[in-house]
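The values are calculated or read from the model by the stated rules, or taken from the named source; none is laboratory data. Fair warning: this is a prediction, and the values are worked out from it, not measured in the lab. Using ideal geometry, Cβ is built from the backbone for each residue, glycine included, and neighbour counts are taken over all protein chains shown.
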Amino acid sequence: MSESTGSEGRRFPAPEQLAASANVGPDVYAQAEADRLAFWETAARRLTWSQEWDEVLDWNDPPFAKWFVGGKLNVAYNCLDRHVEAGHGDQVAYHWEGEPGDTRTITYAQLTEDVCRAANALLELGITAGDRVAVYMPMIPETIVAMLACARIGAVHMVVFGGFSADALASRITDAGAVLVITSDGGYRRGAPSALKPAVDDALTRTEGVRNVLVVKRTEQEVEWTEGRDLWWHDVVDRQSPQHTPEAFDAEHPLYIMYTSGTTAKPKGILHTSGGYLTQVAYTHWATFDLKPDSDVYWTAADVGWVTGHSYIVYGPLANRTTSVVYEGTPETPHRGRWFELIEKYRVSILYTAPTVIRTFMKWGEDIPAGFDLTSLRVLGSVGEPINPEAWLWYHRNIGGERCPIVDTWWQTETGAHMITPLPGVTSLKPGSAQTPFPGISAKVVDDEGNELGDDTTGLLVLTTPWPAMLRTIWGDDDRYVDTYWSRFGREVYFAGDGAKKDADGDIWLLGRVDDVMNVSGHRISTTEVESSLVAHPAVAEAAVVGASDPTTGQGIVAFVILRGSATDSGDDLVQQLRTHVSKDIGPIAKPRQIMVVQELPKTRSGKIMRRLLRDVAENRDLGDVTTLTDSSVMNLIKDKLPASS
Ligand code: WT7
């Protein structure tokens, strides 16, 4: 811990050798500055287009952007066939490792054939361009194959993280209007098979419009079967032709929908399209990680069910002809050195993960990584939440051997790709800061009136020019798209929802969400979503949820509940019941760390719950001014509920 003080002002210059051979050098910023659209146009030329665009950006109707207007391409072709055609068919695309230790090595040629078979199967099932396909899967190769098969035929995939509940899956299927669900019997987690198919069966009792369920056999668990609706992947996909001619789609053709939590209980379906998205994910993946397709072994240790997996396990790496590692399970299975064992085994050279994982490794101790050969690593990445300097320095020393730059990448589901990050061959690193807008990106810190701030003054992060991988809308809700992101400072300024400050060097520090969105282990969860789940329980009359800072997960979910008159406070039992209820309702990631049963909640005179006070209680801070409370004795009641020791 003591080292954190030493880090203030401490800089880590780009390693000389890396800088000398880096994919991008310092002049990239000036180039992008001189002509932003020409810069992105050059980035787009790294892809193969079947028709060139007429216009780089159409921003005549903000915030509805069109990038590479008139251009046509096939995303899957760009990720697969073109590498095979260029003679790289034998290069490994994925070293896949199952949690039980089973492995699969998949080359670009094999992946191309697998995707073609799956694309042909989707066509046989009547899926056409524009149809939505839900994907609810563990971390197995078929998940990636399913996504690329959709992209290949122009269907829109909607991947739901396997840790989400049947309810969450059902509401997403309904909102997206999915006609097919691709799932598996289950996947391996923490040393045991964990079922997925039952959640799909359950979800489909509450949704309409799904014609078929395609089921991959992974764990061999027993599954219920609905004749006529359910089909085994191996029955339908394996017998297909390994050839399929890709069709070129418009640059603005929808590629996928990814749901993310907002400030209301209803998740937002973030829509990403094809040309601009692939341009920016491929370019950022190449520049931010200094990716060398011929020599690097790259590992994004995240789930493909989140945007990080979409952009930096699937689309960016494949578009760049990367050899990647994909791991199915959890870091502690069967032992706490599993990740390091994988780095040693596959000679991983670039590792991309989240601060919450680093802090977990810190807790487990530096002896564990010290027991493995990690000398293959040359660049490290961080994503999901601000990385505190202690974790940064620990990562740098104990995993990076003090030789690997750490790129702290700020971005969002909505931005699709990296937006603020150092560049490993250019930036002199400052632990804890994401530092610099990516070339071609304009980010500012502003006050409530939109005036730009500097000198360490805390304000709001905004993006002031459109970018290629930006979301195009919220699925089915253009108004909400405008209201949520593009109304606070006018229709041409994107409001990110993050607090930030710019220091005297002009480096940006991200300071967490400014809205009612929590960040738990790098996952976004809405306070309102958890509150509505709690009040849906018969015992609960009212609930208020806050994110309290947590040493490992960043934030932990703390709920305050008022019980219904009829419910008796059955203490621990009921609290456990409520925690399980939320976990079942939304998913285990939303399970409150702590639930406090209280008589009243602190409210302003206008009836708004004062979350700031609740957060102070949850974090055991001294309470500030409570005079605006309707009844300040409420706080005493709440404080009485706190465990004396914590
Ligand atoms: C929110 C977006 C981007 C993929 C993973 C999360 C926070 C993300 C950083 C970072 C500080 C970060 C922000 C952002 N965040 N990366 N490097 N430094 N904060 O995607 O679920 O859409 O969440 O995660 O608060 O708004 P997401």
Could you tell me which residue of region 356-387 is farthest from the ligand (Cβ to nearest atom), considering only residues that are outside any loop (DSSP other than H, G, I, E, B) and closer than 17 Å to residue 288 by Cβ? 379
Filter result (hydrophobic (A, V, I, L, M, F, W, C) and either more than 19 Å from the chain's Cα centre (by Cα) or not in a strand (DSSP E or B) (or both)) within region 464-508: 467, 469, 470, 471, 475, 482, 486, 489, 493, 500, 504, 508
Take residue 516 and decide whether it is touching a residue at least 60 places away in the same chain (Cβ under 8 Å) and more than 22 Å from residue 382 (Cβ to Cβ). yes
Please verify whether region 541-560 includes one or more residues that are at pLDDT 95 or above, more than 13 Å from the ligand (Cβ to nearest atom) and surrounded by fewer than 18 Cβ atoms within 10 Å (Cβ to Cβ). no
What residue, of 308, 284, 300, 279, is at pLDDT 95 or above, of a type in the set (Ser, Thr, Tyr) and away from the ligand (no atom under 13 Å from the Cβ)? 279
Of the residues 174, 207, 183, only one is of a type in the set (S, T, N, Q), within 25 Å of residue 266 (Cα to Cα), outside any loop (DSSP other than H, G, I, E, B) and in contact with a Ser or Thr (Cβ under 8 Å, 6 or more places away or on another chain); which? 174
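Could you tell me whether region 336-346 includes any residue that is outside any helix (DSSP H, G or I), within 16 Å of the ligand (Cβ to nearest atom) and not aliphatic (A, V, I, L, M)?
Taking every residue of region 336-346 in turn, none turns out to be outside any helix (DSSP H, G or I), within 16 Å of the ligand (Cβ to nearest atom) and not aliphatic (A, V, I, L, M).
For residues that are assigned to a strand (DSSP E or B), free of Cβ contacts under 8 Å to residues at least 24 places away in the same chain and of a type in the set (Val, Ile, Thr), tally how many sit in region 41-69.
1
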Identify, from the list 101, 89, the residue that is surrounded by 14 or more Cβ atoms within 10 Å (Cβ to Cβ) and of a type in the set (Gly, Ala, Ser). 89
Quick one: residue 85 ticks every box in (1) part of a loop (DSSP other than H, G, I, E, B); (2) over 20 Å from residue 272 (Cβ atoms) bar one, so which box is it? (1)
Filtering region 410-445 down to residues that are within 13 Å of the ligand (Cβ to nearest atom), part of a loop (DSSP other than H, G, I, E, B) and of a type in the set (A, V, I, L, M, F, W, C) yields 411, 417, 419, 434, 438
Tell me which of these residue 315 doesn't satisfy, since it passes every other one: (1) assigned to a strand (DSSP E or B); (2) within 16 Å of the ligand (Cβ to nearest atom). (1)
So residue 532, is it of a type in the set (Ser, Thr, Tyr), outside the structural domain of residue 178 (by the TED database) and assigned to a helix (DSSP H, G or I): yes
Does residue 402 satisfy being over 19 Å from the mean Cα position of the chain (by Cα), closer than 30 Å to residue 158 by Cβ and either in the same structural domain as residue 276 (by the TED database) or more than 16 Å from the ligand (Cβ to nearest atom) (or both)? no
